[in-house]
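The values are calculated or read from the model by the stated rules, or taken from the named source; none is laboratory data. What you are looking at is a predicted structure, and each value in this text was computed from that prediction instead of being measured. Every residue, glycine as well, gets a Cβ built from its backbone with ideal geometry; the counts of neighbours run over all protein chains shown. Side chains are part of the model used for accessible areas, which takes the heavy atoms of the whole protein and leaves out ligands, DNA and RNA. Shrake-Rupley method; radii C 1.70, N 1.55, O 1.52, S 1.80 Å.
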Amino acid sequence: NAGVTQTPKFQVLKTGQSMTLQCAQDMNHEYMSWYRQDPGMGLRLIHYSVGAGITDQGEVPNGYNVSRSTTEDFPLRLLSAAPSQTSVYFCASSSTGGYSNQPQHFGDGTRLSIL
Amino acid sequence: SQQGEEDPQALSIQEGENATMNCSYKTSINNLQWYRQNSGRGLVHLILIRSNEREKHSGRLRVTLDTSKKSSSLLITASRAADTASYFCATDEGKAAGNKLTFGGGTRVLVKP
């Protein structure tokens, strides 16, 4: 059971480039989310999804897009990378959309540097 | 904005000692969760305490919740070197807020052998 898998683990981009961070889970979880972690800031929610075809914005959504075409996958797209998006990105999933007080399962993160 | 604020930001103890860290939050919550993060890894769920619970135990972990003071504490007893990690509290404000988790800035714990 792989849990939550994020790819790539590391990525360096130039300002203005676009890319997609991949996230896949094999636990049939309905709820998936993306966070970014900056030093001293804890984790901040970017986007989340309560099920296939449904997405919503979190605390810091600007500059990012998401889609949820399947239960398993929840990719995060950077449209035009900026140095302020240098961060560690975590994907998480939980069952039943969080309505049953379920804990979240995290991937190991993608470390992204924008030059 | 961060809902949970943790105190202290860093903690250094000897193996075998207890470690206590606190989390304060601002709004009403559905539940509060504690997570551990080892260096370079993702977060791992430790314990969840619901708003109608006051104390919960899991192995060497003890969590308390005081909703009147909007605060929670995590106690790790008889610490081990393997407990060295960052610990985060996260609040779930319930269905009205989309059941999203809001994380604090974390407490870095160093357990010296």
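Before moving on, here are some points about what is shown:
- Among B:ILE76, A:ILE54, the order of accessible area from largest down is A:ILE54, B:ILE76, computed with a 1.4 Å probe on protein heavy atoms.
- GNM top mover of A:GLY16, A:GLY63, A:GLY42 - chain A, alpha-carbon springs below 10 Å: A:GLY42
- Which listed pairs, of B:LYS26/B:LYS100; A:LYS9/B:LYS112; A:LYS14/B:LYS100, have C-alpha distances above 22 Å, in listed order: A:LYS9/B:LYS112; A:LYS14/B:LYS100
- Accessible surface for region A:13-98, divided over its residues, is 40 Å² per residue with a 1.4 Å probe.
- Derived value for region B:1-72: Kirkwood hydrodynamic radius 13.5 Å. Basis is the mean of 1/r over every pair of different alpha-carbon atoms.
- Averaged over the residues of B:46-58, the number of partner chain Cβ atoms lying within 10 Å of the residue Cβ comes to 1.
- Within region B:29-66: backbone nitrogen closer than 15 Å to the B:THR77 label point (7 Å, Cα to C-beta): B:55-64
- For the protein assembly as shown, the spread of Cα coordinates along the three principal axes comes to 48, 37, 34 Å, biggest extent given first.
- Amide proton proximity set for B:LEU46, modelled H, under 5 Å, gap of 5+: B:TRP34, B:TYR35, B:ARG36
- Kirkwood-based Rg to Rh ratio, chain A, C-alpha trace: 0.95
- Net length available on complete extension from B:LYS95 to B:THR20 is 24.0 nm, with 0.36 nm assigned per residue and the Cα-Cα distance removed.
- Taken one residue at a time, the phi angles of region B:89-95 give Karplus couplings (6.51, -1.76, 1.60, θ = phi - 60°) of 9, 9, 10, 10, 8, x, 4 Hz. Gly and Pro are set to x.
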